[in-house]
Amino acid sequence: MKEPWHIRLGIWAGIALLLAWSLLPIYWTLASSLTPTVEFNARPLHLFPEHPTGEHYLRLLGVLDGHMGGVDVAGEFRLALFNSILTSGAATVLCVLMSLLAAYAFARLNFFGREVLFYAVVGTMAVPGYAVLIPLFRLMVSLRQIDAYLGVTLIYVSAFLPLCLWLLKGVMDTLPRSLEEAARIDGASHMRILFSIIAPIAAPGLTAAAILTFLGAWGQYVVPLVFSPKDTKPLTVLIPEFAGKNFVDYGLIMAGGSIAIAVPCLLVIFLNRYLISGLLAGSTK
Amino acid sequence: MVLPILLTMGGLVFYPLLSTAWDSLHRVNPMQAGTPFVGISNYTRVFSDVEVGQAWLNTFKYVVIAVFAETVLGVLAASLINQLKSGRQWVLAAVVLPWALPGVVSGVIWQWIYSPGPGLLNGLLVMIGLDYEGHLWFNDSTSAMLAVSVVHIWRMLPLTIVIVLAAMQSIPGDLYEAARMDGASRLVMFRNITLPLTRGAIAVAMTNATVSAFNLFDEAIVLARNSLETRPILLQIYLEAFKKLNFSYGMALSLMVTFISLAISLGYVLRIHRSTRLD
């Protein structure tokens with residue numbers, strides 16, 4: 001049955017509005033990062049950069065001179081980009097690996113206190129991060145893990161483990177046991193079963209868990225603000241600092257912002273299906 | 001196999017949680033020697049603290065604004081996307097995008113959009129003939145609160161849309177077919193089929209919206225620094241603990257916030273439980 005034209009028009013207008021609301025700020029970031037600084041105050045507003053330039057990116061990445069106001073902005077930016085990739089990547093790998101092992105144990109093995117331990121770990125999803133921030137700070141000070149990669153990575157891992165465990169345990173509960181039983185009879189160890197039989201079948205779930213962890217770690221602000229003040233400072237801490245310095249102009253900030261949002265954008269575009277399934281599993285706990 | 005997860009969770013979540021509770025009964029401040037037992041004075045102090053009161057009020061306003069807007073707009077957007085016959089994945093990917101971006105970076109992006117001179121918002125308003133040239137959005141507290149809320153809604157609306165849309169997609173098409181045979185209008189179908197069958201999902205989405213509005217921090221600190229007029233309760237805790245170094249007072253505050261946030265989520269969960277049992 002064909003819809004009347006005015007209803008279809010209404011739906012398309014609504015969708016257009018929704019897309020504009022979601023995408024316009026992102027488009028504007030990209031457009032500003034390509035606009036020469038002198039044209040920012042041009043009126044009427046140009047929705048498209050009239051003389052697009054890659055200058056902001058070249059200065060930010062240190063191809064052109066990246067010193068501003070006596071500060072090596074390019075050097076700081078490259079370090080922060082490296083730090084963001086390193087800590088988020090390491091946290092993702094550790095978190096998925098640890099929760100895969102634990103999910104297998106909770107789903108397939110019988111041991112004392114299984115249920116209690118599982119719900120104790122998953123239950124911490126309801127505990128907001130700030131409730132443990134201050135004692136963690138004192139702990140990390142005494143362990144000399146302030147401004148160290150290990151400390152901040154482990155905090156990310158502890159923040160996203162419960163969600164990953166919940167997701168992966170859910171996946172394993174739905175997998176038929178018959179596959180593993182054949183392998184068990186052939187004498188395969190638990191580790192072998194897990195990594196060569198279960199992990200490949202559970203790949204969509206693992207992907208969802210990895211995306212959620214990576215996006216979460218990539219976007220962290222309070223944790224690195226407290227625990228990564230200098231050498232391990234990630235992009236999320238550096239970019240707002242730029243905004244507070246008058247010698248760093250907005251073209252440069254928007255170029256930095258574009259790079260910081262490019263990674264999540266690519267993940268959403270290419271792995272959206274897994275992301276949505278992970279979001280749904282995580283939110284309807 | 002469970003050892004790594006238990007060690008991590010034990011060391012970095014359970015131990016700190018207990019130590020929060022313990023230390024909140026003492027005076028812990030690196031600038032003052034000793035950690036004497038002070039009973040519940042850290043808790044009673046909360047009630048006479050004017051800044052905490054203001055921050056609570058702000059957080060309360062954020063929650064009301066965000067939950068209302070995200071629920072109404074989220075249900076509306078989900079039903080729009082649900083009408084699409086093709087390209088749904090692409091629209092959904094575009095809509096989810098704001099959620100996936102780092103909160104502070106979104107804050108910086110919107111700060112640039114709100115900026116009085118070269119900002120996009122004033123530029124667009126001037127373009128359609130309104131006198132907003134050089135308008136300052138952070139000059140009075142109402143518009144500053146709204147500006148911060150808009151950024152938060154921009155980030156969190158996708159979650160509501162995804163949850164509600166999934167529920168809408170699981171409604172069998174025959175129901176609508178039958179209703180159409182009976183000559184029901186779109187509005188009637190929405191009210192009598194879509195809404196009742198997505199009620200559980202809407203409640204879940206509202207819980208998520210409440211908790212995330214409670215945890216609002218990134219947007220406020222980027223857009224309005226430490227301004228008391230827009231300061232949410234989490235920012236108050238952060239300033240108290242890491243700027244003034246009143247660790248134990250910060251811990252008492254954060255425990256109170258945790259309990260209130262848990263109580264709210266629990267309230268929702270119980271209501272969903274009851275309503276689904278009645279169905």
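The values are calculated or read from the model by the stated rules, or taken from the named source; none is laboratory data. Remember, predicted model here, so these are calculated numbers, not experimental data. With ideal geometry, Cβ positions are generated from the backbone for all residues, glycine too; neighbour counts draw on all protein chains shown.
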Can you work out which of the residues in the stretch B:208-253 that are more than 9 Å from chain A (Cβ to nearest Cβ) and free of Cβ contacts under 8 Å to residues at least 24 places away in the same chain is nearest to B:S48 (Cα to Cα)? B:E240
Residues of the stretch B:108-132 being more than 7 Å from chain A (Cβ to nearest Cβ) and under 23 Å from A:G244 (Cβ atoms), which ones? B:Y114, B:S115, B:P116, B:G119, B:L121, B:N122
Those residues of the stretch A:150-171 which are over 18 Å from B:L17 (Cβ atoms) and within 17 Å of the chain's Cα centre (by Cα) amount to A:V152, A:T153, A:C164, A:L167
Out of B:V72, B:V108, report the one residue that is closer than 30 Å to B:I163 by Cβ, exposed (fewer than 13 other Cβ atoms within 10 Å of the Cβ), among the β-branched types (V, I, T) and under 23 Å from the mean Cα position of the chain (by Cα). B:V72
What is the number of the single condition among (1) within 20 Å of the chain's Cα centre (by Cα); (2) under 21 Å from A:Q220 (Cβ atoms); (3) modelled with pLDDT under 90 that A:P264 does not meet? (3)
Within the set of pairs 6 or more residues apart or between chains, which connect a residue that is outside any helix (DSSP H, G or I) inside the stretch B:254-279 to a residue that is modelled with pLDDT of 80 or more and surrounded by 12 or more Cβ atoms within 10 Å (Cβ to Cβ) with Cβ atoms less than 7 Å apart? none
Considering the stretch A:234-271, residues that are of a type in the set (F, W, Y) and crowded, with 18+ Cβ neighbours inside 10 Å, and then whichever is farthest from the other protein chains (Cβ to nearest Cβ), we arrive at A:F242
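Return the only residue of B:I153, B:I171 being closer than 30 Å to A:L212 by Cβ, at pLDDT below 90 and among the hydrophobic types (A, V, I, L, M, F, W, C).
B:I171
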Look through B:V64, B:V52, B:V75, B:V28 and report the one residue that is in contact with a Phe, Trp or Tyr (Cβ under 6 Å, 6 or more places away or on another chain), more than 30 Å from A:I259 (Cβ to Cβ) and not aromatic (F, W, Y). B:V28
Report, ordered by the first and then the second residue, all pairs with beta carbons closer than 8 Å, sequence separation of six or more or different chains, a first member in the stretch B:174-190 that is within 13 Å of A:E3 (Cβ to Cβ), and a second member that is assigned to a helix (DSSP H, G or I) and at pLDDT below 85. B:R186/A:I7
Among the numbered conditions (1) within 19 Å of B:L157 (Cα to Cα); (2) at pLDDT 90 or above, tell me where B:F214 comes up short. (2)
Suppose we filter B:L197, B:L245 for residues that are surrounded by fewer than 21 Cβ atoms within 10 Å (Cβ to Cβ), under 21 Å from B:L73 (Cβ atoms) and not aromatic (F, W, Y); which single one remains? B:L197
